1. Using a cut-off of 12 Å between beta-carbons, work out the net charge of the residues near Y18 (Lys and Arg +1, Asp and Glu -1, Y18 not included).
2. Within 10 Å of each residue's Cβ, count the other Cβ atoms and sort F97, F35 from fewest upward.
3. Once you place label points 7 Å from the Cα toward the Cβ at S172 and R185, how far apart are they in nm?
4. Please work out how much length the chain gains when fully extended from Q94 to N149, using 0.36 nm per residue of separation minus the C-alpha to C-alpha distance, in nm with one decimal.
5. Evaluate the charge dipole of the chain about its Cα centre and quote only its size in Debye, nearest 20, assuming +1 on the Cβ of each Lys and Arg and -1 on the Cβ of each Asp and Glu.
6. Hey, got the Cα dimensions of the stretch 7-192 along the principal axes, in Å, largest first?
7. Within the stretch 11-101, report the trypsin sites (Lys or Arg not before Pro) that DSSP leaves as loop and that have at most 14 other Cβ atoms within 10 Å.
8. Sequence gap at least 6, Cα distance under 8 Å: using those rules, report the relative contact order of the stretch 99-200 to the nearest whole percent.
Amino acid sequence: MHESEDAMGRAMLQTSGYLTGQFLVAMPTMADPRFHRTVIYVCAHSSEGAMGLIVNKPLNDLRFTDILGQLKITARSNNCAQIHVHRGGPVEVQRGFVLHSADYQKNGTVMVNEDVALSATTEILKDIAEGYGPHQNLMALGYSGWGPNQLDDEIKRNAWLSVPSDLDLLFSEGYDHKWELALARLGIAPHRLSTDVGHA
């Protein structure tokens, strides 16, 4: 976790819209096995590129309490044992991010929109451990990133489908069904997915 806002954070503040705050749902045509049936929450998307976190692939061998232990932070809240750590993406896989509800804002927190924020500091981990963190949160190691126009090109090639986000779905623990439920927001059944058209 980084204590200060870095270049990526500053780039997020300059985001001008695009798919920021939406879900990306991997299509059956997704060629990269790392993104098979993934749902990604887009934290930033602009002409400079895009950044998001996979929200339906929890790690089986690592929990939030393990990370607290590594950082020598005492878990005082009983909820800590229930928090999963997700595989956020293949970039900077040792770096931690907390996607959370906007009721929590501290120095270094970046607002994605009016409902969702992103923090990458040890302060939020300490606050969650003490029971003073955001009402809803999702922790991830690593992130998914795209260069200028890269995500747009992948959508045109039908690798991704964009879906309006939903806070309940974003922070739900039904990880095994999140992909299907995200598609259902567009009225799409997985077995009827078109391989021809994407939504940007």
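1. Values: positive: none; negative: E48, D152.
Its environment carries a net charge of -2.
2. Numbers: F97 25, F35 21.
Listed from fewest to most nearby Cβ atoms, that is F35, F97.
3. 1.1 nm
4. Details: separation 55, 0.36 × 55 = 19.80 nm, distance 2.60 nm.
Result for the pair: 17.2 nm of gain on full extension.
5. Values: 16 positive and 23 negative charges, 75 e Å.
Around 360 debye, computed over the chain.
6. The Cα atoms of the stretch 7-192 stretch 46, 35, 27 Å along the principal axes, largest first.
7. Details: sites: R34, R37, R63, K72, R76, R87, R95; in loops: R37, K72, R76.
Qualifying residues, ordered by number: K72, R76.
8. Numbers: 90 pairs, mean separation 23.9, N = 102.
RCO, the stretch 99-200: 23 percent.
Each reported figure results from applying straightforward, stated rules to the coordinates on display, with no laboratory input. Please read these numbers as outputs of a predicted model, since none were measured by experiment. Positions of Cβ are generated from backbone atoms using ideal geometry, with glycine treated the same way; all protein chains shown enter the neighbour counts.
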